[in-house]
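The values are calculated or read from the model by the stated rules, or taken from the named source; none is laboratory data. For clarity, every value in this text was computed on a predicted model and none was experimentally measured. Cβ placement follows ideal geometry from the backbone for every residue including glycine, while neighbour counts extend to all protein chains displayed. These accessible areas exclude ligands, DNA and RNA; they are computed on the full protein's heavy atoms, side chains included. Shrake-Rupley method; radii C 1.70, N 1.55, O 1.52, S 1.80 Å.
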Amino acid sequence: MHLASYTIRGRSSYGAVVGDGVVDLRLRFGARHASLVDVLRAHALDEARASLEGVRPDYALAEVELLPPLLAPEKILCIGINYANRNADFGDPNVPKYPSMFFRAPASLVAHGRPLVRPKVSEQLDYEGEIALVIGREGRHVPRERALDHVAGVTLCNEGTVRDWLRHGKFNVTQGKNFDASGSIGPWIATNVDLAKPLRLTVRVNGEVTQDDTTASMIFGFADLIAYVTTFMTLKPGDVLVTGTPTKKGPRIDPPRWLVPGDVVELSVPEIGTLRNQVVDEQ
């Protein structure tokens, strides 16, 4: 299934994308599950899947305006420097012993098709193409061999970053990672992806391929990350774990090329889909 949240004719809803159409699951679930987060918390994915059998789409996909797939996740956890050779970008050739981590706020990520906003206070808006895990089962101290059982599906995340605000304070990166509408997530949650096989992530800026790698290059794989995070924190249904970005292609440019208004950033994984956004200036 491809599960999406959206607005249609002034009403917020969610459903399953089937071909070029959308089956509205909220109409079928009624008051029992108000959002996709509620579906995950109720462990109702099998019920959602069953409700699609023999059903025609309610709307054309072109009719709906997509929203971030999960409107109110409890946690958005992000992993830094998690692909081979990314340490070299930071002048450190050593493989880290543990993952680097930080939080993002939901308002920092817009939906597919919505504008990425370059803030007034900086011209250094950058992009990072990433695959994000959506948690479907609560877990603490999850063993690595059972970690993928806790994943409901995957989506894409442009982990947009305002570079000169990453070290605005002495020790943290929170400011540079949380400007409103600086990144994006979506277009939907794919629930039928085999996470044991490598996934190829390709990023294009204005049609030019700028990132292209597979999850086989990750330092900490999906199962490793879930096992690590749950040593200190309970992961809950609807939580999002953004798993890191590949090294960008080509030589490093000095000064770097930052995103400017009019740029179009596209992230693609064949098993998931394409997340596309255009850059605008903050008004």
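Brief remarks follow.
- Positions within the stretch 70-87 being modelled with pLDDT under 75 and either touching a helix residue (DSSP H, G or I) at 6+ places or on another chain (Cβ under 6 Å) or open to solvent by less than 70 Å² (accessible area, probe 1.4 Å) (or both), in sequence order: R86, N87
- When each of Q278, Q211 is tested for being part of a strand (DSSP E or B) and either more than 30 Å from S13 (Cα to Cα) or among the basic types (K, R) (or both), the lone residue that passes is Q211.
- Count - residues of the stretch 227-260 that are modelled with pLDDT of 95 or more and loosely packed, with under 14 Cβ neighbours inside 10 Å: 3
- Top-ranked residue of the stretch 263-275 - restricted to ones that are at negative phi and assigned to a strand (DSSP E or B), ranked as surrounded by the most Cβ atoms within 10 Å (Cβ to Cβ): L267
- Of the strands (runs of 3 or more DSSP E) lying entirely inside the stretch 96-137, those carrying at least 3 residues that are of a type outside the set (G, A, S) and crowded, with 19+ Cβ neighbours inside 10 Å are 116-118, 129-135.
- R204 vs. criteria part of a strand (DSSP E or B), modelled with pLDDT of 95 or more and over 22 Å from L77 (Cα atoms): yes
- Some residue of the stretch 142-160 being part of a strand (DSSP E or B), open to solvent by 10 Å² or more (accessible area, probe 1.4 Å) and closer than 25 Å to F222 by Cβ: yes
- Condition met for V260 (assigned to a strand (DSSP E or B) and more than 27 Å from D38 (Cα to Cα)): no
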